[in-house]
Amino acid sequence: YTPFCDSRKETLGYQFWRQGFWKDHLQDKPYHISALYVVDLQRFRRQGIGDILRSNYQHLTKDPTSLANLDQDLPNVLQPKVPIFSLSQDWLWCETWCSDETKATAKTIDLCNNPQHKEPKLTMAKRVISGNLFEESWEELDEEVRLLTASV
């Protein structure tokens with residue numbers, strides 16, 4: 001997993017994991033985003049991590065108010081039992097949380113939602129995946145896929 005960026009200053013106030021339950025629970029560990037992760041399957045199986053995740057998921061789903069963002073919250077709430085090795089921040093860039101200056105070193109881009117305003121994903125993709133950092137723009141890639149699927 002990669003930790004959430006904190007380099008876009010105007011959205012720091014929306015980072016819920018910096019206060020309350022998450023701040024107390026994580027105790028200076030980072031809150032990770034679930035868009036990208038790497039798993040050592042042999043270690044995962046040997047340590048019974050799947051059973052730990054299932055058991056805790058089953059327990060938490062009994063309460064309709066717990067873990068509203070389950071794909072992220074479950075691994076983060078289990079960090080004391082299932083440690084997370086953080087990938088470096090350049091593995092996942094998200095415009096909401098990461099500064100424009102860090103985009104140039106990004107290995108992947110997450111078209112994540114911005115709590116300050118709503119924007120359709122396709123509109124965001126056309127805007128974010130363009131410019132001199134990319135060999136092809138979103139629109140060119142989208143057209144390539146459209147032509148390919150039309151011929152099938």
Q. Mind checking which pairs have a first residue in segment 3-27 that is touching a residue at least 12 places away in the same chain (Cβ under 8 Å) and among the hydrophobic types (A, V, I, L, M, F, W, C) and a second that is open to solvent by 100 Å² or more (accessible area, probe 1.4 Å) and part of a helix (DSSP H, G or I), Cβ under 8 Å, 6 or more apart or different chains?
A. TRP17/LYS23
Q) Checking TRP91 against (1) open to solvent by less than 70 Å² (accessible area, probe 1.4 Å); (2) in contact with a strand residue (DSSP E or B) (Cβ under 8 Å, 6 or more places away or on another chain); (3) in contact (Cβ under 8 Å) with a residue 40 or more places away in the chain, which single condition isn't satisfied? A) (1)
(Q) Among the residues that make up segment 47-64, is at least one of them in contact with a Leu (Cβ under 9 Å, 6 or more places away or on another chain), surrounded by 14 or more Cβ atoms within 10 Å (Cβ to Cβ) and under 30 Å from LYS126 (Cα atoms)? (A) no
Q: Mind counting the residues in segment 30-46 that are under 23 Å from GLN15 (Cα atoms), aromatic (Phe, Trp, Tyr) and open to solvent by less than 100 Å² (accessible area, probe 1.4 Å)?
A: 1
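Suppose the filter is over 18 Å from LEU36 (Cβ atoms) and hydrophobic (A, V, I, L, M, F, W, C); does LEU111 pass it? If you could, list the steps in order and put the result at the bottom.
Values: over 18 Å from LEU36 (Cβ atoms): no; hydrophobic (A, V, I, L, M, F, W, C): yes.
So LEU111 fails the test.
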**Q.** Test: residue in segment 19-26 that is at pLDDT 90 or above, surrounded by 12 or more Cβ atoms within 10 Å (Cβ to Cβ) and either among the polar types (S, T, N, Q) or under 11 Å from THR2 (Cα atoms) (or both)
**A.** no
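The values are calculated or read from the model by the stated rules, or taken from the named source; none is laboratory data. In this text the structure is predicted, and so the values were computed from the model without any measurement. Quick reminder, even Gly has a Cβ in these numbers, built from the backbone with ideal geometry, and neighbours come from all protein chains shown. Ligands, DNA and RNA are excluded from the accessible area calculation, which covers all protein heavy atoms including side chains. Shrake-Rupley method; radii C 1.70, N 1.55, O 1.52, S 1.80 Å.
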